[in-house]
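One structure below.
The values are calculated or read from the model by the stated rules, or taken from the named source; none is laboratory data. The structure displayed is predicted, hence computed values, not measured ones. Counting neighbours? That spans all protein chains shown, and the Cβs are built from the backbone with ideal geometry, glycine included. Quick note on the areas: whole protein, heavy atoms, side chains included, nothing else; ligands and nucleic acids left out. Shrake-Rupley method; radii C 1.70, N 1.55, O 1.52, S 1.80 Å.
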Amino acid sequence: MRPLIAGALFLLVSGTAAADSYEEHDYILSCSGCHRMDGSGSKVVPSLQGLQELAGKPGAREYVIRVPGTAQAPLSDERLAAMMNWLMQRFTGKAPKPLYSTKEVGRLRSTPLRDPIAERKRILNAER
Amino acid sequence: MSRLDRWFEGLTRQSARRVSRRNWLSRFGGVLVGGATLPLLPVARAAEKHTVGEDGVKGPQGDPTRCEYWRHCAIDGFLCSCCGGSHTACPPGTEMSPVTWIGTCRNPADGKDYIISYNDCCGKSFCGRCMCNRNEGERPLYHWYRNNDLNWCGGAKTQTYSCSTAIVVKTAQEPQPEK
């Protein structure tokens, strides 16, 4: 009887997975098309694994919200803040401290970066 | 368990007393051949409409070679299922682009919304069959994050567009807000 129950449970679980949260749903729908499901990007899109070397550096907290992809994402300030807290935890292993608030995200995204690549270089070189 | 053992033992002993081996063999052969020919009979295959798709999503499979198929709600391109591939696989000789247009479609079978990834297949000249341009939830080019009029083969090795797939990523938490 036990293998039968185990089999039934397996069939139940192995169906199509549901997006676990609104954060994951928003990531899949608004980010993963270009950054890909695992965040690895492609030759034309930066990898989100690169956030590891960026996180914690002065200016990085503002940078990740002001890059065009984040600032112009079709999400409300509230949903974007929640998604970015989730995203930073997922790709850097650490949640932002303090967590992004709706207000902070709303303020930062109102001034998107004109030249994100230059800003990224500036942040990475500032510490040397 | 021992009760089952005893019942089965009784059954086999009884049949050994009653039935000759040749009789058993001929009947068993009949069952084998009969069982194999049964699906060939011209009966209505209504049950097949509710099978589970190759990626585990239930519902009327519909016809993935038609534009009206539920997963094609936001597609813009040639259907790979008409081009030697399927709605989840690229035709031979093409490569699936890693970057992709993503939207949600409602499955009429279970009423749920699914996140669909329209990965393009790249590397051969365009297929030219089953053009499907439904674009539900798409926005003009100035809303670049919800526009699909760009060559998604940009992320692949060769940038020649051939056809588009429609792959279920996950069930959605809500339908795409633009719909």
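So which of A:T111, A:T102 ends up being surrounded by 14 or more Cβ atoms within 10 Å (Cβ to Cβ) and β-branched (V, I, T)?
Step by step, each of A:T111, A:T102 is checked, and only A:T102 is surrounded by 14 or more Cβ atoms within 10 Å (Cβ to Cβ) and β-branched (V, I, T).
List the pairs whose first member sits in segment A:29-48 and is at the interface with another protein chain (Cβ under 7 Å from one of its Cβ atoms) and at pLDDT 90 or above, whose second member is open to solvent by less than 20 Å² (accessible area, probe 1.4 Å) and not in a strand (DSSP E or B), and whose Cβ atoms are under 6 Å apart, counting only residues at least 6 apart or on separate chains?
Note: pairs meeting the criteria are A:S30/A:A73; A:G33/B:T100; A:C34/B:V99.
Being in a loop (DSSP other than H, G, I, E, B), open to solvent by 30 Å² or more (accessible area, probe 1.4 Å) and in contact with a Cys (Cβ under 7 Å, 6 or more places away or on another chain) narrows it down to one residue among B:R66, B:R139, B:R129; which is it?
On the way: B:R66 fails: in contact with a Cys (Cβ under 7 Å, 6 or more places away or on another chain); B:R139 fails: in contact with a Cys (Cβ under 7 Å, 6 or more places away or on another chain).
Going through B:R66, B:R139, B:R129 in turn, just one is in a loop (DSSP other than H, G, I, E, B), open to solvent by 30 Å² or more (accessible area, probe 1.4 Å) and in contact with a Cys (Cβ under 7 Å, 6 or more places away or on another chain): B:R129.
Select, from B:L41, B:L11, the only residue that is open to solvent by less than 100 Å² (accessible area, probe 1.4 Å) and at pLDDT 85 or above.
Values: B:L41 fails: at pLDDT 85 or above.
It is B:L11.
Specify the residue that is nearest to B:Q173 (Cα to Cα); the eligible residues are those in segment B:108-118 that are in contact with a Lys or Arg (Cβ under 8 Å, 6 or more places away or on another chain) and in a loop (DSSP other than H, G, I, E, B).
Once the filter is applied, the top-ranked residue is B:K112.
Looking at segment B:147-170, which of its residues are at the interface with chain A (Cβ under 9 Å from one of its Cβ atoms) and either surrounded by fewer than 17 Cβ atoms within 10 Å (Cβ to Cβ) or more than 26 Å from the chain's Cα centre (by Cα) (or both)?
Scanning segment B:147-170 gives a single hit, B:G154.
Regarding segment A:63-73, can at least one residue be identified that is open to solvent by 60 Å² or more (accessible area, probe 1.4 Å), farther than 21 Å from B:K170 by Cα and modelled with pLDDT under 95?
Taking every residue of segment A:63-73 in turn, at least one turns out to be open to solvent by 60 Å² or more (accessible area, probe 1.4 Å), farther than 21 Å from B:K170 by Cα and modelled with pLDDT under 95.
Of the residues that make up segment A:76-90, is at least one in contact with a Lys or Arg (Cβ under 6 Å, 6 or more places away or on another chain) and either surrounded by 14 or more Cβ atoms within 10 Å (Cβ to Cβ) or within 13 Å of chain B (Cβ to nearest Cβ) (or both)?
No.
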